[in-house]
Amino acid sequence: KTAKGLRDALAPARAASVAVDVVGLARQHLAEQAAWLRNRDRSLEERPEPPHADLVVVLDGLRSGENVGSVLRTVETAGAGRVICCGTTPAPPSPSVLRAAMGCADLVTVERAPSTLETVLELRR
């Protein structure tokens, strides 16, 4: 805010100091990201069989990928076996579904089916 402060901020030594700080922050971020990925991979390996593997959720007529992603998160938490998206319901790899699912789309089995009626009749057999 003062002329002296501006001179200090524009000094070559200050630029080098800021560059060192930026490199340090970038390295710290990469280390944290690698640790997060290691923990996520380990948690996926240790993941038990879903408690309700025989439970199937059938989605029909959902138009919003965000709603489908939310359902996928709920299904993963509940431990259901799979989700079947019928008709015009969006499914992964739709970007809006993947964004809303926040990683759960990889953990839940998602299938597509053209007809809800045929799907439900097939599931009842």
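The values are calculated or read from the model by the stated rules, or taken from the named source; none is laboratory data. Because the structure is predicted, anything quoted here is derived from the model rather than measured. When we count neighbours, we look across all protein chains shown, and the Cβ atoms used for this are built from the backbone with ideal geometry, even at glycine. Protein only, heavy atoms only, side chains kept; ligands, DNA and RNA dropped before computing areas. Shrake-Rupley method; radii C 1.70, N 1.55, O 1.52, S 1.80 Å.
The listed residues are G79, G5, and the only one of them that is touching a residue at least 12 places away in the same chain (Cβ under 8 Å) and among the small types (G, A, S) turns out to be G79.
The set of residues from segment 1-58 being at pLDDT 80 or above, surrounded by fewer than 11 Cβ atoms within 10 Å (Cβ to Cβ) and closer than 27 Å to A91 by Cα comprises just one member, D54.
Annotation note: Cβ proximity below 7 Å between a residue of segment 52-73 that is touching a residue at least 40 places away in the same chain (Cβ under 8 Å) and closer than 16 Å to T116 by Cβ and a residue that is surrounded by 16 or more Cβ atoms within 10 Å (Cβ to Cβ) and of a type in the set (K, R) (sequence gap 6+ or interchain) occurs for V56/R82.
Considering L62, L123, the condition of being of a type in the set (A, V, I, L, M), open to solvent by 60 Å² or more (accessible area, probe 1.4 Å), more than 26 Å from L37 (Cβ to Cβ) and out of contact with any Phe, Trp or Tyr (no Cβ under 7 Å at 6 or more places or on another chain) is satisfied by L123 alone.
When the residues of segment 81-110 are filtered to those that are of a type outside the set (A, V, I, L, M, F, W, C) and open to solvent by less than 50 Å² (accessible area, probe 1.4 Å), the one that is modelled with the lowest pLDDT is G81.
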